[in-house]
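So the structure is just underneath, and the comments pick up after that.
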């Protein structure tokens with residue numbers, strides 16, 4: 001009888017732990033699916049935004065908006081809003097914060113159904129605020145549902161699901177964009193579908209478990225106090241040596257995010273020699289698909305194999321991303337004309353422009369980006385677990401500043417100048433990330449008791 005009780009008790013204990021872990025992993029999967037839908041709408045829209053804006057202007061001279069300027073506003077506002085985003089997450093909890101952010105994305109995508117210059121720029125401001133809130137909430141929610149052992153896995157799985165958005169959205173665009181000039185019915189169809197997909201993703205966020213205010217009876221005074229603490233905490237983090245070094249890595253990630261999400265696809269679409277009929281715009285969607293494929297392969301690989309890769313540290317994966325990106329930058333430099341990021345061109349490049357090389361670079365850009373981002377999420381979730389909202393807000397602040405700067409100089413700087421800037425900051429960001437990884441003694445933190453006993 002005693003033996004039976006012992007077995008039952010042991011069985012219940014055994015069942016309880018996997019149940020908790022399964023629930024957390026389901027939360028991560030649901031979070032990834034919701035972001036996949038929302039960013040199917042936004043990332044696809046961002047990649048074709050400059051092309052669509054130019055097409056609208058070709059039919060209506062009064063529409064003088066600039067796609068790069070709109071994206072610059074988004075990232076500039078997002079950078080500033082990241083300082084208040086931790087406070088918003090403290091008050092609402094990460095779940096409602098993400099719902100609010102998702103709603104702003106839907107409004108921004110829908111503005112192209114009734115294009116007005118002032119509406120585009122106004123909603124660029126609105127989505128900048130929403131982006132800061134949704135990403136700070138996402139980082140906080142991912143940390144809540146992870147521990148040191150599962151953070152790399154969860155961040156990798158989330159990243160892979162998120163980047164599936166590049167597959168579905170750009171697959172859709174590759175079938176819709178069949179003409180050199182994008183006509184009004186095509187724009188209506190494209191952004192109508194993207195708006196619906198964004199709304200579906202926002203609704204899915206309501207089904208996340210947990211992520212509400214931990215104590216619904218907190219008084220307003222307590223909430224305000226927590227907001228001030230979160231705000232001050234973000235400033236304090238920025239002054240630490242470790243975070244200051246990581247900021248260079250964050251800055252590079254913002255530069256290259258802007259490049260592959262808004263500039264590179266435009267450059268491909270403007271290079272007439274990539275297509276015998278001079279209609280290279282139809283390859284923008286294919287480029288986006290390959291970027292997404294690289295992101296998914298990288299995210300899934302470093303997520304599913306995190307238990308093995310963690311033994312060697314995060315820096316080898318970041319260094320791999322650096323090598324991949326440097327190869328991509330070199331090939332882009334010699335393969336595409338310098339002015340391709342600014343206007344349609346028949347200009348030659350250093351080699352005869354080759355579509356296969358251009359699309360291979362798209363894949364490399366996505367793969368390298370996954371290397372950097374999965375490891376940045378992982379190191380923040382582990383080193384700043386007790387202050388994750390402030391840490392992720394700083395990450396997005398610096399990344400957004402870099403994005404705004406990149407889209408600002410993209411209006412005048414040619415493709416080759418942008419690639420050279422990326423190469424410089426890739427080198428700096430990789431060095432500083434590796435320095436933090438080594439100084440944090442992450443290798444010693446991963447040692448098991450058996451390893452320690454063996455070394456003794």
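The values are calculated or read from the model by the stated rules, or taken from the named source; none is laboratory data. Quantities reported herein were computed from a predicted structural model and do not represent experimental measurements. Backbone-built Cβ (ideal geometry, glycine too); neighbour counts: all protein chains shown.
Points worth noting:
- On the stretch given as the stretch 108-119, residues that are in a helix (DSSP H, G or I) and either modelled with pLDDT under 90 or surrounded by fewer than 23 Cβ atoms within 10 Å (Cβ to Cβ) (or both) total 7.
- Residue 90 being within 18 Å of residue 411 (Cβ to Cβ), out of contact with any strand residue (DSSP E or B) (no Cβ under 6 Å at 6 or more places or on another chain) and crowded, with 19+ Cβ neighbours inside 10 Å: no
- Selected residue [in contact with a strand residue (DSSP E or B) (Cβ under 8 Å, 6 or more places away or on another chain) and surrounded by fewer than 19 Cβ atoms within 10 Å (Cβ to Cβ)] from 339, 327, 357: 339
- Condition met for residue 185 (assigned to a loop (DSSP other than H, G, I, E, B) and either within 24 Å of residue 67 (Cα to Cα) or in contact (Cβ under 8 Å) with a residue 12 or more places away in the chain (or both)): no
- Matching residues in the stretch 410-433 - criterion: being part of a helix (DSSP H, G or I) and modelled with pLDDT under 90: 410
- Qualifying position, being outside any loop (DSSP other than H, G, I, E, B) and surrounded by fewer than 22 Cβ atoms within 10 Å (Cβ to Cβ), among 76, 131: 76
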